[in-house]
1. Tally up the residues in the stretch 259-275 that are among the hydrophobic types (A, V, I, L, M, F, W, C) and under 15 Å from the mean Cα position of the chain (by Cα), please.
2. Kindly indicate whether any position in the stretch 123-130 is touching a residue at least 24 places away in the same chain (Cβ under 8 Å), within 12 Å of the ligand (Cβ to nearest atom) and under 25 Å from Leu26 (Cβ atoms).
3. Whether any residue in the stretch 239-260 is surrounded by 21 or more Cβ atoms within 10 Å (Cβ to Cβ), in contact with a Ser or Thr (Cβ under 8 Å, 6 or more places away or on another chain) and more than 25 Å from Lys147 (Cβ to Cβ) is what I want to check.
4. List the helices (runs of 4 or more DSSP H) that sit entirely inside the stretch 1-120 and contain at least 3 residues that are at pLDDT 95 or above and surrounded by 18 or more Cβ atoms within 10 Å (Cβ to Cβ).
5. Go through (1) within 15 Å of the ligand (Cβ to nearest atom); (2) in contact (Cβ under 8 Å) with a residue 60 or more places away in the chain for Val176 and report which single condition fails.
6. For residues that are of a type in the set (Gly, Ala, Ser) and under 17 Å from the mean Cα position of the chain (by Cα), scanning just the stretch 232-258, find the one that is farthest from Tyr216 (Cα to Cα).
7. When you go through Arg97, Arg37, Arg57 one by one, which is the residue that is within 10 Å of the ligand (Cβ to nearest atom) and among the basic types (Lys, Arg)?
8. In this structure, does Ala122 turn out to be more than 28 Å from Ala244 (Cβ to Cβ), in contact with a strand residue (DSSP E or B) (Cβ under 8 Å, 6 or more places away or on another chain) and of a type in the set (A, V, I, L, M, F, W, C)?
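The values are calculated or read from the model by the stated rules, or taken from the named source; none is laboratory data. As the structure is a computational prediction, the values presented were derived from the model and not from experiment. When we count neighbours, we look across all protein chains shown, and the Cβ atoms used for this are built from the backbone with ideal geometry, even at glycine.
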Amino acid sequence: MKIAAPAPLRKFKRFVDVQTACRRLLSNTDLLTPKQRDLVNGVAKIVSLDDEMYGRRPEHYFQVGLSAIENINDVLAAAGVGRSIKRILDFPCGHGRVLRYLRQQFPAAEIYAGVIDTGAVAFCEEAFGAIGIKSDTDFRKVALDRKFDLIWCGSLITHLQEEPTLQLFEFLSSHVDRRGVLVITTHGSFATQLMVQKSHKYGLTEEAARSIAAAYAATGYGYAHYPGRTDYGIAAVSPDWIRAYFRRKEGWKEIYCKEHGWDDHQDVIAFARQD
Ligand SMILES: C[S@@+](CC[C@H](N)C(=O)[O-])C[C@H]1O[C@@H](n2cnc3c(N)ncnc32)[C@H](O)[C@@H]1O
């Protein structure tokens, strides 16, 4: 059901009402623990119709955000910095699938939201009180003069070739504050198997899915363009490949790795800055 946007959000023209989806999710008493129910109950229930992550299963959208925040909480518990999260970066924030949970979990934190799409940046600023950052295809050009206690990078390297991924890691790692944490999600072994079995889910041809899986097995990094694109596609990147990068950098320690931990799909790996 379409509804008029609440007053402060009127300048955004297209919204969907997601109350029904959340009610359906909450009515499934076997699915959620009491703590998870509280999180879903409290989270902002407004979604931009431009949000490409909001598909035909609205309940799933809220489960994915919930799963992200649970991984983040586990990372923070592993890092022992749970009480001092004052500044957070969600990069790429999209239209706030995870950001809405970050806002709920850390109401007093400054939350920065970075993504390439200016409409999505504006939506996250207005809907969730985030501070927007305009990204670039070249991460070396992204202007950002802050450091963060927590950076969540959900499903970006899953679309990039090796060189931009390395530039992204440079960008993100240089913006983590002392004793801060960087959380990265990736298509690991589990997602790579799914790609080969059900390549249509990733918008890939069968041949592209097989080539990603072969390169992943050989080097830990497989990538293929989306059909018709030359700069963006689907990547599978192993936790070992990511680890190798952070081992080469001084002052970083791996604190968390959960294979297919995000929504039983993407691997989640986290590093803490020690210096
Ligand atoms: C799979 S979505 C994930 C979005 C969000 N993390 C979520 O979970 O809903 C990938 C996002 O990366 C964004 N993106 C692509 N290239 C980017 C870049 N160079 N800098 C920042 N964001 C980018 C896309 O616009 C899209 O919003």
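1. Here the count works out to 4.
2. Yes, the stretch 123-130 contains at least one residue that is touching a residue at least 24 places away in the same chain (Cβ under 8 Å), within 12 Å of the ligand (Cβ to nearest atom) and under 25 Å from Leu26 (Cβ atoms).
3. No, the stretch 239-260 contains no residue that is surrounded by 21 or more Cβ atoms within 10 Å (Cβ to Cβ), in contact with a Ser or Thr (Cβ under 8 Å, 6 or more places away or on another chain) and more than 25 Å from Lys147 (Cβ to Cβ).
4. Passing ranges, in order: 58-79, 99-105.
5. It fails just one condition, (1).
6. Kept after step one, since they are of a type in the set (Gly, Ala, Ser), are these residues of the stretch 232-258: 233, 235-236, 238, 244, 251.
Narrowing further to those that are under 17 Å from the mean Cα position of the chain (by Cα): 233, 235-236, 238.
On the way: Gly233: 15, Ala235: 9, Ala236: 6, Ser238: 7 Å.
Step by step, filter the stretch 232-258, then rank; the result is Gly233.
7. Details: Arg37 fails: within 10 Å of the ligand (Cβ to nearest atom); Arg57 fails: within 10 Å of the ligand (Cβ to nearest atom).
The match here is Arg97.
8. In short, yes.
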